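First the structure, in the form of structure tokens, and then the observations on it.
The values are calculated or read from the model by the stated rules, or taken from the named source; none is laboratory data. The structure displayed is predicted, hence computed values, not measured ones. All Cβ positions, glycine included, derive from the backbone under ideal geometry; neighbour counts span all protein chains shown. To get the accessible areas, we keep the full protein, side chains included, count just its heavy atoms, and leave off ligands, DNA and RNA. Shrake-Rupley method; radii C 1.70, N 1.55, O 1.52, S 1.80 Å.
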Amino acid sequence: ARTLWGGVINSCRNVVRQANTFFPEDAKSEELKDVLAVNTAAFAKALRNFLRGPTDDKVFRSELMAIVQTGKMTEAQVNACMAAKNRPMFMLNAMSSALRKADLEPMDRSRIDSSITTLVDLTG
């Protein structure tokens, strides 16, 4: 379990590192990069929430609401995530959505998508 969790954290770092490397340096891309990074962090928290079960729901919701305060997520997204049957997958889809909106070279998009796919695989 410890090795798998380490793989999740390393893959999350890779998504953010690749976004920092491959996203263009303009205002729209910077915003999308921030959203991708926040969604990546929220994914790790969603996976923790899944593993801990309902006793972690209050903590998880408060962590997501803290993201709302930064303007990188809406309260509607928090409510949708909390209502989702698979919260980690909900956050992975949010990551993919941010990636899809980015103006990237196809190869760079593919590299980041591959890292997201690794997270799907590690999630099980």
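By a 1.4 Å probe calculation restricted to protein chains, Ile116 has an accessible surface near 10 Å², given to the nearest 10. Partner aspartates and glutamates whose Cα lies under 16 Å from the Cα of Lys72, excluding those fewer than 8 positions away in the same chain, are identified as Glu30, Glu31, Asp34, Glu63. Label separation (Val120 vs Arg17): 2.3 nm, computed from points 7 Å beyond Cα along the C-beta direction. Among the protein heavy atoms of the chain, carbon and sulfur supply 54% of the accessible surface, probe 1.4 Å, non-protein parts ignored. By the rule of a C-alpha distance below 20 Å, with chain neighbours fewer than 8 residues away ignored, the aspartates and glutamates paired with Lys28 are Asp103, Glu105, Asp108, Asp113.
Normalised by the number of residues in the chain, the mean separation of alpha-carbon contacts (under 8 Å, six or more apart) gives a relative contact order of 38 percent. Of the residues Ser97, Phe50, Ala66, the one whose Cα sits farthest toward the positive end of the charge dipole of segment 36-101, with +1 on the Cβ of Lys and Arg and -1 on the Cβ of Asp and Glu, is Ser97. Between Arg2 and Glu31, what FRET efficiency follows from the Cβ-Cβ distance if R0 is 41 Å, with the result rounded to 0.05? The calculated FRET efficiency here is 0.70. The peptide list 65-72, 10-17, put in order of mean Cβ contacts within 10 Å with the highest first, becomes 10-17, 65-72. If you build a Gaussian network model of the chain, linking Cα atoms that sit under 10 Å apart, which residue out of Met107, Met82, Met73 swings the most? Comparing Met107, Met82, Met73 in a Gaussian network model of the chain, the most mobile one is Met107.
Each label was represented as a point 7 Å from its Cα along the Cα-to-Cβ direction; for Asp103 and Arg52 these points are 4.1 nm apart. Calculated from the structure at hand, Kirkwood radius over Cα pairs in Å is found among (1) 14.6; (2) 15.0; (3) 16.4 as (1).
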